[in-house]
Amino acid sequence: MASSNRCVFRTNPGKTEPWMCGRSLALSSETGGFQSIRTGLSPSTEYKLDFQARGDDFWSCIERRSPRRLQSVSMRGPATSNTPGVMMMDTVKKTFVLVHGAWHGGWCYRHTAAALRRMGHEVFTPTHTGVGERAHHADQNISLETHIRDVAGCIEAEEISDIILVGHSYGGMVITGLADRMADRIKALVYLDAFVPDDGESLMALLHKAVEPAVAAQFIGGFHSAALEKNSGMTQPLTAEMLHVSPENREWVNRRCVPQALATFEMPVLLSGKIENVKRRHYILADGWDPSPFRYFARKYTGAPGWDVIKLPSGHDVMVDLPNELAASLAKIS
């Protein structure tokens, strides 16, 4: 079965033929790929590009070096012209490590990772000890340090570098500690509706900064009460309803989330300062839920040197509810 996409671009006046379109074009929120067009085009004219590929999207055809699978490519300009063109790949393959938040696992990035891979990117979704498919290792003594080492182990074992490191929620604590130890392998840090600690700060300490005292007390009191139950030392997941996950995804999220050690929230991150060598920082705020502690960080870093802040209209689990839109936003990071 053929799939098709269309995009619109405008030629750049003054360029000689053959002309290479220098502007990256997002084809759709799902593919989010980028390409250039080379053809004989009239300057200052708007053109539409239509393409189709058999059985898979166009980017898979290019990635798999199978140009003969390409069904048709044509340039359609003004009503009086029908200019043939040649599509050329202009995508830089990127490496993403997507770090999940509390109670979740690598499973929550399933659709975001798939979208990024369709664009030709390399994606890793490690799961922390004690949750997800590693829930059988759950223990009250698991700490933030354990989870930092989990992700560091993935990077070491896969022998990857030039990484765009993404951390969701509690995952912001993890990627901060990790980036301080492996700054030479990190290209950019992305905090996805996430905590951003300074040296010596824990998640619990950040809650006191990020929300009103009554809200912080409610969060922390709930964590402590759960940990005291049967002296388990474990926190219970916040429900998908509390996190404003879309109704169609709530059952999946509630089914897959599992308890996590309270110690992971209480341990401060200790930084040497090497994280400052990672110059590119991004913050993505999920703008569709409250009371959110993450608005504090979006405000703090808006306009700050080296930071780029954007908003997506989503509840807290952006990667679950808006996987294609999130993938498109991540793919734009250079």
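Given axes a ≥ b ≥ c from the Cα gyration tensor, I'd like to know whether region 203-325 is rounded (a/c under 1.5), prolate (a/b larger than b/c) or oblate.
The shape class here is oblate.
May I ask for log10 I(q)/I(0) of region 261-334 at q = 0.14, 0.15, 0.20 Å⁻¹, from a Debye sum over the Cα atoms as equal point scatterers with solvent left out?
-0.60, -0.68, -1.07
How much length is gained on full extension from residue 198 to residue 311, taking 0.36 nm per residue of separation minus their Cα-Cα distance?
38.4 nm
Starting from the Cα gyration tensor of region 95-331, take the square roots of the eigenvalues, sort them a ≥ b ≥ c, and report rounded, prolate or oblate (rounded when a/c is under 1.5, otherwise prolate if a/b is larger than b/c, else oblate).
Rounded, since a/c falls under 1.5.
So in region 95-331, what percent of DSSP beta bridges are antiparallel if you round to the nearest 5?
10
Sort out for me the Cα centre separation of region 204-236 from region 248-314, rounded to whole Å.
First find each Cα centre; the distance between them is then 17 Å.
Label residue 110 and residue 162 with points 7 Å out from Cα along Cα→Cβ: what is the distance between them in nm?
A separation of 3.1 nm, rounded to one decimal place.
Work out the charge dipole of region 189-334 with +1 on the Cβ of Lys and Arg and -1 on the Cβ of Asp and Glu about the Cα centre, then indicate which of 208, 243, 268 is farthest towards its positive end.
Ranked along the dipole, the leading option is 268.
Which FRET efficiency, nearest 0.05, do residue 220 and residue 145 yield, Cβ-Cβ r, R0 25 Å? Please report the intermediate quantities before stating the final value.
Working: r = 21 Å, r/R0 = 0.83.
Efficiency at R0 = 25 Å is approximately 0.75.
Past 32 Å, Cα to Cα, is the threshold; run 94/209; 187/209; 93/209; 187/300; 230/300 against it and keep the listed order.
Those over the limit are 94/209; 93/209; 230/300.
Among 308, 139, 290, what is the fewest-to-most ranking by other Cβ atoms within 10 Å?
Lowest to highest Cβ neighbour count: 290, 139, 308.
Residue separation times 0.36 nm, minus the C-alpha to C-alpha distance between residue 272 and residue 242: what's the value?
Result for the pair: 7.2 nm of gain on full extension.
Rule-based calculations on the coordinates, nothing more; no lab input. Since the structure is predicted, the reported quantities are computational estimates derived from the model, not experimental observations. Cβ sites come from the backbone with ideal geometry, for glycine too, and all protein chains shown count toward neighbours.
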